Each structure stands twice: as C-alpha cells, then as structure tokens.
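Encoded as structure tokens, the structure appears first; notes follow it.
The values are calculated or read from the model by the stated rules, or taken from the named source; none is laboratory data. Quick caveat: nothing in here was measured; it's all calculated off a predicted structure. As a convention, Cβ positions derive from the backbone with ideal geometry for all residues, glycine included, and neighbour counts pool all protein chains shown. SASA here: full protein model, heavy atoms, side chains in, ligands and nucleic acids out. Shrake-Rupley method; radii C 1.70, N 1.55, O 1.52, S 1.80 Å.
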Amino acid sequence: MVFAPRPPSPVPSYDINYYFASLINMNKLRKILVFAAVMTLGLRLSAQSNNADKVVAIVGDNIILNSEIEVQYYQQLQNNQNVPLPPDTKCRILDNLILDKMFLAQANLDSLTTTQDEVDGELDRRVKYFMSMFGSKEKMEEYYGKSVLEMKEDFTEDIKNQLLSDKMKN
C-alpha cells in the first residue's frame, strides 16, 4: 500500500482589500442591528403606553371588553361611596356580563325581537333618570360632552341587547 503525501496546508492569505471590505460590511451590519433594536424597543414602549381595549371573553357572536368591566366597576364605586367593594367585584361583574351575553346569544338563536318603541322607551327612562341626577339636561350634556340625541344613538344597540337578554331571562 502506497500512501500519497498530503498536500501542504494553504497558508492563509491576508488580502487587505478583503479585510477592509469585511470591516465595512460588519459596520453596516452593526448599524442595521442597532436600528432594528431601537425600532423593536420603540414598538414595545408604544404598545405598552397604548391603552387599547382588550377582549376579555367571547360568548357566541358577542364580545366582552375590559372597558365594560371597568365602567361597571367605577359605577359601583360611585354608588357605594362609603362602603369598600369586595375584592372579587370585577370577577362578579364579568360573571354577570357573561351571563347576559349568554342570554343574548340564546335570544338571537330563538329569534326574539324588541320593538323600536321598547328601545326608545327604555332610553327615555334612563335619560330622565340621569337628568334627575345631574339636575338638568344642560348639566348632563356638559358633563358627558354630548347632546341627549348623541347619547341615545350611542346606547341604542346596548339597550336593545339588554332588552333581548332580559326577555330571555323571563
């Protein structure tokens, strides 16, 4: 058996142009990485400061938003000014909202309906209640920054859903 001698190992060549080209490419890469890191950090900070509403639960075609829970929680805080709320208040609010959405989903499946007169009557009743709390229509409009008509438009769908849910409960 004859063994062939190994070829001599190549001596690394240090081409100065190749060296500088790789340094330039590394600087470009470093700049790109720094830019990407800054952009990622900026996006994270802007996402943290963004107060986007969060979906807490989905029942059928209906969603429950975190803001719905917060609104009801603060309403209860205002109603019970001198009495502290139990620690599980938000959990109970969520339970009630889920139950209402379940009734609403079932009402839609059962093809229950409400008339526009029922919705308008409930809206009028609630507006009168709030006007009595504020003392006048003008004070209420000033507080909410909307006219009564705008408030009614904003709450029409919610009132309709509440009436459907209530019909299903009964």
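Things to note:
- The condition (being in contact with a strand residue (DSSP E or B) (Cβ under 9 Å, 6 or more places away or on another chain) and under 22 Å from residue 107 (Cβ atoms)) is satisfied by just one residue among 161, 170: 161.
- One residue stands out in region 74-89 among those that are within 19 Å of residue 130 (Cβ to Cβ) and not in a loop (DSSP other than H, G, I, E, B): the one that is nearest to the chain's Cα centre (by Cα), namely 74.
- Listed by first and then second residue, the pairs linking a residue in region 131-157 that is more than 22 Å from residue 68 (Cα to Cα) to a residue that is assigned to a helix (DSSP H, G or I) and open to solvent by 80 Å² or more (accessible area, probe 1.4 Å), with Cβ atoms under 8 Å apart and 6 or more places separating them unless they lie on different chains, are 131/137; 134/143.
- Among the residues of region 137-167, those that are open to solvent by less than 100 Å² (accessible area, probe 1.4 Å) and among the hydrophobic types (A, V, I, L, M, F, W, C) comprise 140, 148, 151, 159, 163, 164.
- Candidate set from region 137-170 (those that are among the polar types (S, T, N, Q) and modelled with pLDDT of 90 or more); member that is farthest from residue 102 (Cα to Cα): 147
- Enumeration of residues in region 115-136 that are part of a loop (DSSP other than H, G, I, E, B) and either open to solvent by less than 70 Å² (accessible area, probe 1.4 Å) or over 25 Å from residue 147 (Cα atoms) (or both): 135, 136
- The lone exception for residue 106 - which of (1) polar (S, T, N, Q); (2) open to solvent by 60 Å² or more (accessible area, probe 1.4 Å); (3) without any contact (Cβ under 8 Å) to a residue 60 or more places away in the chain it fails: (3)
- Residue match in region 42-55 (condition: modelled with pLDDT of 90 or more and surrounded by 12 or more Cβ atoms within 10 Å (Cβ to Cβ)): no
- Subset tally (residues that are among the hydrophobic types (A, V, I, L, M, F, W, C) and touching a Lys or Arg at 6+ places or on another chain (Cβ under 9 Å)) for region 105-139: 6
- Filter result for residue 112 (open to solvent by less than 70 Å² (accessible area, probe 1.4 Å), outside any helix (DSSP H, G or I) and among the hydrophobic types (A, V, I, L, M, F, W, C)): yes
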